[in-house]
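The values are calculated or read from the model by the stated rules, or taken from the named source; none is laboratory data. In this text the structure is predicted, and so the values were computed from the model without any measurement. We place every Cβ from the backbone using ideal geometry, glycine too, and count neighbours over all the protein chains shown.
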Amino acid sequence: MTRIIGANLPNIPWEDPTDESPVWRYSANPIIKRRPIKNVTRVFNSAVVPFNGKFAGIFRGETNNGIPYLFRGFSDDGINFRFDEKPLKVYLENGEEYEFQYAYDPRVVETEGSFYVIWCDGLEGNPVIGIARTTDFERFEFVSHPLLPYVRNGVFFPKKINGEYVLLSRPSDNGHTPFGDIYSSRSRDLIYWGKHSLIMKSGWEWWQTLKIGAGCAPIETDEGWLLFYHGVSLTCNGYVYSMGAAILDKDDITKVKYRCGNFLLTPEEEYETVGFVSNVVFPCAALCDAESGRIAVYYGGADTVVGLAFTEINRLMDYIKKYSR
Ligand code: BMA
């Protein structure tokens, strides 16, 4: 038996499985369809967290000029969201508004009473990680650009490890990067980052041969940190994004204890196979309930919509271990 170490979330979105799959899709997917916000064509690759007994999220929304920005949303049930009509405002230390060039693929992590938004930010037109902080989902303060360009897929662990924040990221190029491995970096103050380590390289299994990138904030269990990530394969029709999972050692997160050789989700449903960018399953957030072991994963479908998928910690761990290389 594996135990999730964390809070209980009795109102986690949930639907029972109908077969033996390790991860199963919500039958009413996609939960966020096209044009859910005025003047926004698509919302996908987005993050949801428990907030004040309900749910809050930061969403990637692509506006009518095709540029992605971050949008705030709230929900009573984690499934139906109300969005702001205007992109998220983030403020600098001097009180001025941070000027976004573009912003995409947000993750949100709660740690030590603050929520951190971690996204891919445009710095002089180049992709870097941006970090902002909020305590109330009203005022967001810019924290830092932790790493040099080019880098994407940034997400924190939800608690400090040996007194340090740990950030996962994927060094990139400034285009549609044809390579990519997951690295960790550490900081005591969220400003200065170092102690960079390789965590996982892209794999030989065909769904993850080209590149991999961290997905949801790691989930603590008594067997280690559960990391959902995306793996990419290159086909005659372009890139295909699937979701996989690994367990990182709880004492040394640079050690991969188990890595599932099989994907957990790969584009199969029409809202994953057909869209602005076809064949994309891109996880960015996971909710979990320690008591029941239930996990709900939010993922982008085909760079167009948001879907929900479910799993249960013991069923998932059995599968990861069974197919671990
Ligand atoms: C990656 C990121 C993701 C996107 C994916 C597929 O490089 O930009 O936001 O979902 O490509 O287009």
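Yes or no: residue 76 over 29 Å from residue 127 (Cβ atoms), away from the ligand (no atom under 16 Å from the Cβ) and in contact with a Lys or Arg (Cβ under 7 Å, 6 or more places away or on another chain)? Considered against the rule, which asks whether it is over 29 Å from residue 127 (Cβ atoms), away from the ligand (no atom under 16 Å from the Cβ) and in contact with a Lys or Arg (Cβ under 7 Å, 6 or more places away or on another chain), residue 76 comes out as yes.
Output the residues belonging to the stretch 225-284 that are within 11 Å of the ligand (Cβ to nearest atom), touching an Asp or Glu at 6+ places or on another chain (Cβ under 8 Å) and either not in a strand (DSSP E or B) or not hydrophobic (A, V, I, L, M, F, W, C) (or both). Within the stretch 225-284, 275, 276, 277, 279 meet the criteria.
Look through the stretch 132-167, keep the residues that are hydrophobic (A, V, I, L, M, F, W, C) and within 16 Å of the ligand (Cβ to nearest atom), and return whichever of them is nearest to residue 100 (Cα to Cα).
If we take residues in the stretch 132-167 being hydrophobic (A, V, I, L, M, F, W, C) and within 16 Å of the ligand (Cβ to nearest atom), then 151 is nearest to residue 100 (Cα to Cα).
Restricted to the stretch 168-179, and to residues that are surrounded by 15 or more Cβ atoms within 10 Å (Cβ to Cβ) and of a type in the set (Gly, Ala, Ser), which residue is nearest to the ligand (Cβ to nearest atom)? Among residues in the stretch 168-179 that are surrounded by 15 or more Cβ atoms within 10 Å (Cβ to Cβ) and of a type in the set (Gly, Ala, Ser), the one nearest to the ligand (Cβ to nearest atom) is 172. Within the stretch 284-304, is even one residue at pLDDT 95 or above, in contact with a strand residue (DSSP E or B) (Cβ under 8 Å, 6 or more places away or on another chain) and surrounded by fewer than 16 Cβ atoms within 10 Å (Cβ to Cβ)? Checked the stretch 284-304: at least one residue is at pLDDT 95 or above, in contact with a strand residue (DSSP E or B) (Cβ under 8 Å, 6 or more places away or on another chain) and surrounded by fewer than 16 Cβ atoms within 10 Å (Cβ to Cβ). Scanning the stretch 126-170 for residues that are within 19 Å of residue 88 (Cα to Cα) and of a type in the set (Gly, Ala, Ser) gives 130, 132, 144, 154.
Scanning the stretch 38-58 for residues that are part of a strand (DSSP E or B), farther than 20 Å from residue 158 by Cβ and not charged (D, E, K, R) gives 40, 41, 43, 44.
Against the numbered list (1) assigned to a strand (DSSP E or B); (2) over 30 Å from residue 74 (Cα atoms); (3) touching a residue at least 24 places away in the same chain (Cβ under 8 Å), residue 196 comes up short only at (3).
If you go through the stretch 58-72 and keep only what is touching a residue at least 24 places away in the same chain (Cβ under 8 Å) and away from the ligand (no atom under 16 Å from the Cβ), you end up with 64, 72. Of the candidates 170, 152, the single residue that is outside any loop (DSSP other than H, G, I, E, B), closer than 19 Å to residue 245 by Cβ and either in contact with a Ser or Thr (Cβ under 6 Å, 6 or more places away or on another chain) or not aromatic (Phe, Trp, Tyr) (or both) is 170.
I'd like to check something: does the stretch 211-226 contain any residue that is touching a residue at least 40 places away in the same chain (Cβ under 8 Å), surrounded by fewer than 21 Cβ atoms within 10 Å (Cβ to Cβ) and under 19 Å from residue 169 (Cα atoms)? The answer is yes, given that some residue of the stretch 211-226 is touching a residue at least 40 places away in the same chain (Cβ under 8 Å), surrounded by fewer than 21 Cβ atoms within 10 Å (Cβ to Cβ) and under 19 Å from residue 169 (Cα atoms).
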